[in-house]
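Read through the structure below, which is laid out as structure tokens, and then see the notes.
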């Protein structure tokens with residue numbers, strides 16, 4: 001029997017969160033920009049508390065024990081949520097300032113990144129990997145000097 005991996009989230013719950021972000025952001029762009037407050041506030045709560053209400057709500061729908069699903073790194077998901085929340089916050093700010101094009105661009109970036117993540121490629125994961133590699137190279141260069 002496999003043991004639960006600490007600091008991980010089952011993949012179906014990550015997918016549920018991504019789908020939630022895509023759907024609410026699309027509704028915010030095409031129906032009413034105030035709908036963007038929903039993923040923004042939930043994202044802000046998640047980043048500040050490290051507790052995602054969408055993931056918590058989705059747990060009750062999983063049929064198997066959590067540790068049997070493919071694990072996703074929780075820290076990575078918090079980083080991704082931080083990016084999405086920042087972009088949604090900027091989109092809301094731009095809409096408030098009547099800079100509609102900038103608002104649509106920022107919301108569109110969230111929709112695109114979350115939509116692409118649903119297909120299997122995580123842009124936030126790639127960005128975090130590049131940052132970690134850059135930090136590692138800097139540390140190594142300091143140790144050599």
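All of the numbers you see were taken from the coordinates with simple rules; none came from a lab. Just so it is clear, the model here is predicted, and its values are computed rather than measured. Virtual Cβ from ideal backbone geometry, glycine too; neighbours counted across all protein chains shown.
Relative contact order for segment 8-144 using alpha-carbon pairs under 8 Å, separation at least 6, rounded to a whole percent?
Relative contact order, segment 8-144: 30 percent.
Among 20, 40, 61, determine the one that fluctuates most according to a GNM of the chain built with springs between C-alpha atoms less than 10 Å apart.
For the chain, modelled as a Gaussian network with Cα springs under 10 Å, the answer is 61.
Running a GNM on the chain with Cα contacts under 10 Å, which residue among 120, 58, 103 ends up with the highest mean-square fluctuation?
Result: 120 has the largest fluctuation of those listed.
Using the per-residue mean of other Cβ atoms lying within 10 Å as a proxy for protection, in what order, highest first, do the peptides 64-70, 138-144, 112-118 fall?
Details: 64-70: 12.6, 138-144: 8.6, 112-118: 18.1.
Ranking, from highest mean packing down: 112-118, 64-70, 138-144.
Against the 2.2 N^0.38 Å scaling, with N counting residues, where does segment 31-145 land? I'd like the Cα-based Rg ratio to two decimal places.
Values: Rg = 17.2 Å, N = 115, 2.2 N^0.38 = 13.4 Å.
This ratio for segment 31-145 stands at 1.29.
Rank 130, 74, 50 by mean-square fluctuation in a GNM of the chain with C-alpha springs under 10 angstrom and give only the top-ranked residue.
Looking only at 130, 74, 50, the largest GNM fluctuation is found for 130.
Compute the separation of the alpha-carbon centres of segment 22-50 and segment 81-124 and state it in Å as a whole number.
Spelled out, the Cα-based centre of one part sits 10 Å from the other.
For the chain, what does the helix formula give at 222 nm: sum of -39500 (n - 2.57) over DSSP H segments with n ≥ 4, over the residue count, nearest 500 deg cm²/dmol?
Computed ellipticity for the chain at 222 nm equals -24500 deg cm²/dmol.
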